[in-house]
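Below is one structure, written out as structure tokens, with a few remarks after it.
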Amino acid sequence: MFAKMHQQTHSLITHSIQKPLIFNPEKCKIPCLHPSKNPEKPIFSISKPLHVTSIINPRKNSTKCNSYEPKNSQQCKIAFLLSSKNPEKPISSILSNPRKNSTKCNAYEAKSNEQFESINIKIPNVEYEKVKIGIYFATWWGLNVVFNIYNKKVLNAFPYPWLTSTLSLAAGSLMMLVSWVTKVADPPNTDFEFWKSLLPVAVAHTIGHVAATVSMSKVAVSFTHIIKSGEPAFSVLVSRFLLAETFPLPVYLSLFPIIGGCALAAVTELNFNIIGFMGAMISNVAFVFRNIFSKKGMNGKSVSGMNYYACLSMLSLLLLTPFAIAVEGPQVWAAGWQTAVSQIGPNFVWWVAAQSIFYHLYNQVSYMSLDQISPLTFSVGNTMKRISVIVSSIIIFHTPIQPVNALGAAIAILGTFLYSQAKL
């Protein structure tokens, strides 16, 4: 509290007086924060925060605080002026006549953190922050694993990735519209410029989403995510050759294990499919451009992570729907749906609903996480998320994997982790 008051007063005096004053805490004494009867015993303590107010809650240990002038130029010229009879009066005139411009401040020890927070001072709680980050990560990973499992189940029975991708965006858009209408969440304050800047982001997001779904319809979930772990390599290449950005040497070195690991995993994949491989690669490129457009378009705009992704989903849905109808079409969907229901039963409908809802939720939590945690923490969490999806899909779907294939996946993921550390 001392440091904050010193800093505010110093900046205030420097603004009013041409010659800046140097604060020396060893020479500057602040008698107004001590009781007049016993100056040696302060009225505040470390165990209980000091609550200062000029009017509210006066206690027995209140004391009158007078601003004063130092006796010599060696001491710092600081006056703790919590209030003044004439706020428009310049500081120089107040310092020239300190007795006339004295102010009374009442100080007491707060009984609880609620009183301490009433003066807008945030009390850091390390344990709470750890728990919050843990909840974000657990929710993020869990939702992502559940989505990938149900998405693969749907695609195995209903191999129409364009419709599946459309339903995922539609479910998220509907959920957010309902939450805005019912006031569960505050709607974003957007304008034409916002949607204009969001358009290229939505185009890249739509391409990446469809490409990844096409990939998972042709190959194992684990293989798709192994290839998608090579996204940092595309990020560096695009930024270097198209945006003329430069990176430190460790960033370039981290690309070797990423590219080598992905290549090793692809060569040794037992159920390799070129469409599945190319879908994952296109998804990497599209998401790189999505991140680039997102950074450029969102500069100076204040929209929460949850609402930003909601708007992105809605715009992507508008872009994807006509293409999905043109590529696959309602007749194909109707025939495939009937076949899937006859083979799976009513559970198929639950699978489609689950993969659509969990897709939106896991992406929403990831965007919300960026508002709460640092980029370094987020990158580490993203790497661990990839591992959790690969391992869980191998266990659940009994995906055959060779030791060399597992080694390639491990090298690629390690390279992704090293890249995140080197870039930050």
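The values are calculated or read from the model by the stated rules, or taken from the named source; none is laboratory data. Quick caveat, the model's predicted, so the values are computed rather than measured. Quick reminder, even Gly has a Cβ in these numbers, built from the backbone with ideal geometry, and neighbours come from all protein chains shown. Heavy atoms of the whole protein, side chains included, go into the accessibility calculation; ligands, DNA and RNA do not. Shrake-Rupley method; radii C 1.70, N 1.55, O 1.52, S 1.80 Å.
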If ligands, DNA and RNA are left out, what is the accessible area of residue 311 with a 1.4 Å probe, given in Å² to the nearest 10? 0 Å²
With all protein chains modelled, accessible area of residue 367 [1.4 Å, Å²]: 40 Å²
With every protein chain in place, the accessible area of residue 160 for a 1.4 Å probe, in Å² rounded to the nearest 10, comes to 50 Å²
Could you order 140, 337, 350 so the one with the most accessible surface comes first? Probe is 1.4 Å. 350, 337, 140
How much length is gained on full extension from residue 127 to residue 367, taking 0.36 nm per residue of separation minus their Cα-Cα distance? 84.1 nm
Label residue 182 and residue 263 with points 7 Å out from Cα along Cα→Cβ: what is the distance between them in nm? 5.3 nm
Residues in the stretch 256-294 reached by a label modelled at residue 191 [backbone nitrogen below 14 Å; 7 Å Cα→Cβ]: none
Taking a 18 Å limit on the Cα-Cα distance, which of the listed pairs 228/295; 153/218; 183/295 fall beyond it? 228/295; 183/295
Let a ≥ b ≥ c be the square roots of the eigenvalues of the Cα gyration tensor of the stretch 129-275; is it rounded (a/c under 1.5), or, if not, prolate (a/b larger than b/c) or oblate? oblate
Given a Förster distance of 22 Å, the FRET efficiency implied by the Cβ-Cβ spacing of residue 395 and residue 347, rounded to the nearest 0.05, works out to 0.60
Among the stretch 397-419, those whose backbone N falls under 17 Å of a label point 7 Å along Cα→Cβ from residue 156 are 397-401
By the Cα gyration tensor axes a ≥ b ≥ c (a/c under 1.5 gives rounded; else a/b larger than b/c gives prolate, otherwise oblate), the shape of the stretch 132-200 is oblate
